[in-house]
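Peer 1: Below: one structure in structure tokens.
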Ligand SMILES: Nc1ncnc2c1ncn2[C@@H]1O[C@H](COP(=O)(O)OP(=O)(O)OP(=O)(O)O)[C@@H](O)[C@H]1O
Ligand SMILES: [Mg+2]
């Protein structure tokens, strides 16, 4: 089946053209080192933004699922944050942050599009991840909280030792899914002029009238996202006793 | 019936329930409950499903807020808003019908978590005590197991150990055998029996009349939010004085539950 498809592609009349346009060995070796070093920007942004997203998302989720009446204003703020940042396309947020904030010319506010774009990414993904964590927390049965209180824990300890460990375990698959998406969306920083792998490949392609650099960039993204996808499969495998469905 | 109503409470027990009322919305579940559990005493709470047994136990553990009346622990009011509920719950052990063990922790961690985190015991001390109790109750080889690997009877025994390991002033047991297969009931009751023999103060909601009669010093019959009859276990179960109690026990016998 796959072989048949390959034969169809490789024997098609357009293949030689496509091959030289997308899979040129020379264009690949010429552009790869530059794209690889630009890819480090993707990796760095991804790693830093991921940590921020985890902390932000968990914090917002905890606030939004709190029951203390004193925290009501913060619950409202959390809900507004999630609604707003989930509702705007990431690319638009990056534009608004990367170009809008420097235009305000505020004292002491960074103007580097790399930083501003990363903040936009963190805020957008923070809102997705907050919802993932929130769903996880809400999926833990009330009797678990009561059990924690009954053994003499306070509310915070119950959250820390009883609710969150189970909630986080339960949402690992959707969490990792969001991280795969984030990993790819770092490329959106290109719209505010950050020269990461995708933008570098675009520049190379435009300069040489050959699309091979874009294929090189695609391979680099895959080199990171495929292992993450396999990890995702691994942690959501059906016989995982810690999966949380058991009880 | 004794003077002053069946559920006498004089403020001298470990647990004193004084005129406690509790409603969920329109539904009045507890309509003025008076009950004392004295030191080393086991009181069985019996009554039909929905009569308010769990609600009363939950009120004592401050898992529900009472609407009226007071509950005292060692003579001190615990139902006042100024009282720290965490401090109260540290002095009480609660066992739920559905065990409610922590599925992400192993058996020993389940037992030590509360005592360690609430600062009642050092980790080492809590682990030693936990191991000792597990061994004593036939679970010595299961300490590193996750709860879902255990049978219901074993889980409930772990839940009981978790509740009494920190030496609480009293244990509150909410139908600890109702979720178990019949053949597993015995091993759990045996543990409660041993606790009673050690002098643990207990308030026990149960449907097991034979067990109540054997282990409890007194039995309190709850119906429609009121304690209709409180007295020595043998008396209340074998020759109840209230017609409602007779009816309730009669229904149980017919259903083959007792
Ligand atoms: N959180 C709640 N909200 C509303 N109603 C409740 C709540 N908890 C209990 N009730 C109601 O209060 C009544 C007493 O319930 P409770 O669980 O105390 O009875 P019980 O004697 O323990 O019954 P069972 O033998 O079935 O455990 C029931 O009608 C129940 O539906
Ligand atoms: Mg009940």
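Peer 1: Restricting to segment A:162-179, count the residues that are within 7 Å of chain B (Cβ to nearest Cβ) and closer than 24 Å to residue B:57 by Cα.
Peer 2: Going residue by residue through segment A:162-179, those that are within 7 Å of chain B (Cβ to nearest Cβ) are A:162, A:165-166, A:169.
Then drop every residue that is not closer than 24 Å to residue B:57 by Cα, which leaves A:162.
Final tally of qualifying residues: 1.
Peer 1: Residues that are under 21 Å from the mean Cα position of the chain (by Cα) and more than 14 Å from chain A (Cβ to nearest Cβ): find the strands (runs of 3 or more DSSP E) completely inside segment B:22-122 holding 3 or more of those.
Peer 2: B:27-37, B:42-46, B:68-73
Peer 1: Let me ask something else. Is segment A:151-161 home to any residue that is more than 10 Å from chain B (Cβ to nearest Cβ), buried (at least 17 other Cβ atoms within 10 Å of the Cβ) and either at pLDDT 90 or above or touching a helix residue (DSSP H, G or I) at 6+ places or on another chain (Cβ under 7 Å) (or both)?
Peer 2: Yes, segment A:151-161 has at least one match.
Peer 1: Restricting the first residue to segment B:40-58 and requiring it to be farther than 12 Å from residue B:15 by Cβ, which pairs with a second residue that is near ligand 2 (Cβ under 9 Å from one of its atoms) and assigned to a helix (DSSP H, G or I) meet a Cβ separation below 6 Å and a spacing of at least six or different chains?
Peer 2: B:47/B:53
Peer 1: Then there's this: Being within 21 Å of the chain's Cα centre (by Cα), surrounded by 22 or more Cβ atoms within 10 Å (Cβ to Cβ) and in contact (Cβ under 8 Å) with a residue 60 or more places away in the chain narrows it down to one of A:171, A:186, A:191, so name that one.
Peer 2: Going through A:171, A:186, A:191 in turn, the sole match is A:186.
Peer 1: Here's a check for you: in segment B:164-183, which residue that is within 22 Å of residue B:130 (Cα to Cα) and surrounded by fewer than 18 Cβ atoms within 10 Å (Cβ to Cβ) is farthest from ligand 1 (Cβ to nearest atom)?
Peer 2: Here the residue is B:167.
Peer 1: If you go through segment B:34-67, how many residues are in contact with a helix residue (DSSP H, G or I) (Cβ under 7 Å, 6 or more places away or on another chain) and within 15 Å of ligand 2 (Cβ to nearest atom)?
Peer 2: 8
The values are calculated or read from the model by the stated rules, or taken from the named source; none is laboratory data. What you see is a predicted model, and the numbers here were worked out from it, not measured in a lab. FYI the Cβ positions are ideal-geometry reconstructions off the backbone, even for glycines, and counts take in every protein chain you see.
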